[in-house]
Amino acid sequence: MTVFTEETRARAREIIARYPADRSRSALLPLLHLVQSEEGYVSPAGIAFCAEVLGLNKAQVGAVASFYTMYKRRPTGDWLVSVCTNTMCNVLGGQEVYDTLAEHLGVGHDETTADGTITLEHAECLAACDYGPVMTVNYDFFDNVDPQTAVGVVDELRAGGRPVPSRGARLCTLKEMSVQLAGFADEREGAVADGVPGEPTLRGLRLAQEHGIAVSGFDPNTPIRSKAEAAEKAKAAAPKPAPAAKAEAGTPAAGNGARPAGNAGAGEPAPAAAAAGSTTRDVKAPDAKSPEVRAAETRQPDAQTAVPDAPGTKVPADGVPPSPRDAQEAEAAGAAANPPAGDGKPAGDEAGAQERNLREAEAGAGAGSPNASDRGAQK
Amino acid sequence: MTTPRPETLAKLTPVLTKRWLSPDAWRIGTYEKLDGYAALRKALKAHPDDLIQLIKDSGLRGRGGAGFPTGLKWGFIPQGDGKPHYLVVNADEGEPGTCKDLPLMTHDPHALVEGVIIASYAIRANRAYIYIRGEAVHAARRLRNAVQEAYAKGYLGKNILGSRFDLDLVVHSGAGAYICGEETALLDSLEGFRGQPRLRPPFPATHGLYASPTVVNNVGTIASVPYIVLGGADWWRTMGTEKSSGPMIYSLSGRIANPGQYECSMGITLRELIELAGGMQPGHNLRFWTPGGSSTPLLTAEHLDVPLDFEGVAAAGSILGTTATQIFSDQDCPVYATYRWLEFYHHESCGKCTPCREGNYWMVRVYRRILSGQGTHEDLDTLLDTCDNILGRSFCGLGDGATSPVTSSLKYFKQDYLDYIEGRNAPKLSDKQLVGAH
């Protein structure tokens, strides 16, 4: 435990302070990044440190640390080289890049070179498919790599150089990066400003710019209708075409935002019946609860099931007393907003019903000033 | 490269992406000159209920894949319940093929911050979180910087612009788990637990973060809000289709001349998108593609004219998803592509539900066997049977997503599987890669 200095402790307190007082466990992920920034991996000492500052036990912290791939369980090099081998990058050559690097460095996935400089891993989609195949060094991107450029990058790193990423900021070490992941600003002068958007990012925009395409009809002073007005409008103008949605010339050269024709649609909000069609699996209105559901709820980490050995989670907060009665009230409130099957229909099946219920619930809730929920657990 | 036809070009709708052209738009000064925080000033003068109504009227639907009507979601938050409310932005972008939120947060982070403030005001939340994918480090740098700038200018904190509305916003980095893009897993992760999905109901609208009413929205959804507040619902609906309104960022990758981000009116077709992207790469012919990430069933060259909106893609037997169109050609093997996706789902399954945990484990092994030339005809039945036992049988959609490429590739490309099994295709995986596969 002596690894961690008073400075680390101060940072830990700063992290914990970002979250509501009785919800300090929310700080666990950033804290794990923090201890990784000290040691290059999440060591047993790091786990003990997190457990201590949050009032958890080590098993609880370990269970979380082992769930996430960015927490390393063995010492890492200064440079974490991740090659995307998910399908798109893979077929574009990413697998070859990875295989070449593995051979060149003499290490496999999640292994560190003998000189301790580079840890190699193959990664799943890094969300830069338009730049594929990509690899990252400490999570900053090198785009459109091939085996040669990739070898060039790692050789430069091993020789003590700092190759410049294609986008993003200049490189920092993995430990320095972990400080940022813990939620602290990148203190390096100008690092936030580094990196301009790459061409693929701008492609659609450039095309629009070249051909003088813009979206027309945008008036930032369009008034926000009050609820009463909106309701009136909806009543009066159900199937009326939206005024701006006419086909106003497909000639982009004219410079006016040529809008595609034929989408004139309606003063009525999107009929969500269709929406429900594509989302039923995910989103339904709360329903009468089965015993199974209740059991699952009990297992949720909510106020009433605060872990006994987690003092951090037990501090009573105004507004969130951890009593079952409170939970029942909340349930009732939830049901009020989305009454299940009041009209004999299964809730969630028909968005019109939801809308209706909602309106009733809102009416019941009264005008509610913007500050109605001022109290809460906030400071 | 041929220039796209005018009628195709006319489908470009640069709205959310527009500021990316201004290299300094991530700085608050530049952002303010480009309409920045004007929507917030306007919104704070309106009643929160009117804002919810405005979003309902706009027809805005979630940009994270499911397409749930945003205004409806906001309206589900019980008001006057005495509990704290939360807004959580899902910025855990990681669906294979998807790459639209990262550039948005990197090049226009204030649009998201402004959207967060307006949305929080509408649902009466005094605390908001942006849960950003851990690996997205540069986007997180810019976002944290934006949040700091917004505090300094009084757009965040106490009594925002004299409105008596308070809001604290925290940017919270994840730690490498795709599953945390699932909203309830995200909430568990944000609470400091393993990111595992919760059983619903209860829904986050009543029992979300810290068991309180919570709205979870995607980056693109929240970043759309300031534009709707400024331009109005009617203007927003001039773009897109009746049921899928507004512009959408289509992320094109793969065998096309110019991969990249194309913000277009919803309902554009793949044929038009490929035209915008300069056509297919020389020597490549379209063979299969995903309309919205790997969790959406594959489509083929037959589907070039399917309107890419929520209804159109559903009618074609797939899902619009995240509009991440990954485009593969006749030089790519659908069996291998599916295998790689399955490796992904196998790796990312959180292990909570048996069908997904075990099903993906075994399907990966079946694929390895097929691709090494040792597959049998029964393997194909095994795959379909396994999919049957995964689909709809787990807490969240991860397992469902894993079955998408399997069942759709078997539907359209069964011959490719048979070619491996019957020895007409050279094995794609060597014995070395098969260690432990039996």
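All of the numbers you see were taken from the coordinates with simple rules; none came from a lab. As the structure is a computational prediction, the values presented were derived from the model and not from experiment. Counting neighbours? That spans all protein chains shown, and the Cβs are built from the backbone with ideal geometry, glycine included.
For this structure, a couple of remarks:
- With Cα atoms, 0 to 90° folded angle of helix B:137-152 axis to chain B main axis: 10
- Net dipole in debye of the stretch B:286-378 [+1 Lys, Arg Cβ; -1 Asp, Glu Cβ; about Cα centre; nearest 20]: 520
- Using C-alpha pairs under 8 Å with a sequence gap of at least 6, the mean separation divided by the residue count of the stretch B:126-187 gives a relative contact order of 45 percent.
- When only Cα pairs below 8 angstrom with a gap of at least 6 residues are kept, the stretch B:330-388 shows a relative contact order of 30 percent.
- Estimated 222 nm signal from helices in chain B, with DSSP H stretches of n ≥ 4 weighted -39500 (n - 2.57), rounded to 500: -12500 deg cm²/dmol
- Dipole in debye (nearest 20) - the stretch A:113-234, about Cα centre, beta carbon charges: Lys, Arg +1; Asp, Glu -1: 360
- Assuming charge only on the beta carbon of Lys and Arg (+1) and of Asp and Glu (-1), the dipole of the stretch B:35-101 about its Cα centre is about 200 debye to the nearest 20.
- Gaussian network model of chain B, Cα within-10 Å springs - most flexible of B:334, B:204, B:14: B:14
- Net charge of Cβ neighbours under 12 Å - reference residue A:209; Lys, Arg +1; Asp, Glu -1: +2
- Across A:227/B:73; A:58/A:175; B:45/B:73; B:100/B:428; A:227/B:18, pairs whose alpha-carbon gap is larger than 20 Å: A:58/A:175; B:45/B:73; B:100/B:428; A:227/B:18
- Charge dipole (the stretch B:35-236, unit charges on Cβ, about Cα centre) - positive-most of B:165, B:132, B:209: B:165
- Each of residue A:170 and residue A:146 was given a label point 7 Å from its Cα along the Cα-to-Cβ line. The distance between the two points is 2.9 nm.
- Modelled label positions at residue A:162 and residue B:301, each set 7 Å beyond Cα in the direction of Cβ, lie 5.0 nm from each other.
- Projected label distance in nm at residue A:45 and residue B:415, using a 7 Å step from Cα toward the beta-carbon: 6.4
- In a DSSP loop and with at most 13 other Cβ atoms within 10 Å, there are no trypsin sites (Lys or Arg not before Pro) in the stretch B:170-271.
- When DSSP beta bridges are restricted to pairs lying wholly in chain B, around 45% turn out antiparallel.
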